[in-house]
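Here is the structure we will look at.
The values are calculated or read from the model by the stated rules, or taken from the named source; none is laboratory data. On a predicted model such as this, the values are computed, not experimentally measured, just so you know. Note: ideal-geometry Cβ built from the backbone for every residue, glycine included; neighbour counts use all protein chains shown.
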Amino acid sequence: MTAGTTLTHQTTAEHELAALQREHGRPLFALLLRLCDGDRQRAEDLVQETLVRAWQHPEALHADDFDSVRPWLLTVARRLAIDAPPEVGDAVLENARVISDHAERAAATLDVREAVKTLTPEHREVLVLVYFQGASVAEAAHTLGIPPGTVKSRAYYALRALRRVLPGYAPDLR
């Protein structure tokens with residue numbers, strides 16, 4: 001799988017997840033609202049958790065009939081509502097911090113993803129292989145059919161270009 005197809009696959013998954021939310025979000029919320037005794041915040045949180053589970057199990061998203069996903073989602077949502085006890089007191093505050101941290105990481109991820117799209121295909125391939133897929137310089141060189149020194153050079157210039165596009169994200173890289 002090349003770097004370009006990896007980014008395309010991620011974008012496709014995001015579109016599928018958004019379509020899933022549009023198509024099944026209201027019925028999920030209605031079910032969870034009943035199961036959570038009218039606690040809207042908890043129901044919304046569990047809808048998001050259900051969609052995260054769907055994203056973690058893409059085989060559920062690729063059923064022959066998109067509507068056949070709904071029973072799977074409703075089952076996951078019901079189990080989450082039953083298994084996740086209501087949060088109170090300090091646990092709620094801790095969860096809010098975790099959600100805030102997650103939201104910040106998600107926003108940063110989107111910013112980085114958009115910035116990576118501005119790179120040349122050669123630079124993007126190297127970054128995806130080395131930084132996002134964890135390949136070594138030697139493995140990336142072998143995969144791309146280029147010398148290891150070229151991998152290092154492209155990675156250096158790609159990171160430099162990202163620093164210009166993403167000021168404040170990586171001060172330790174300067």
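Residues that are outside the structural domain of E139 (by TED's automatic domain parsing), of a type in the set (A, V, I, L, M, F, W, C), at pLDDT 85 or above and touching a Ser or Thr at 6+ places or on another chain (Cβ under 8 Å) are absent from the range 33-46. Restrict the check to the range 57-68 and report whether at least one residue is at pLDDT 80 or above and part of a helix (DSSP H, G or I). For the range 57-68, residues at pLDDT 80 or above and part of a helix (DSSP H, G or I): absent. For the range 12-47, the set of residues classified as surrounded by 14 or more Cβ atoms within 10 Å (Cβ to Cβ) and of a type in the set (A, V, I, L, M) consists of L17, L20, L28, L31, L32, L33, L35, A43, L46, V47, listed by residue number.
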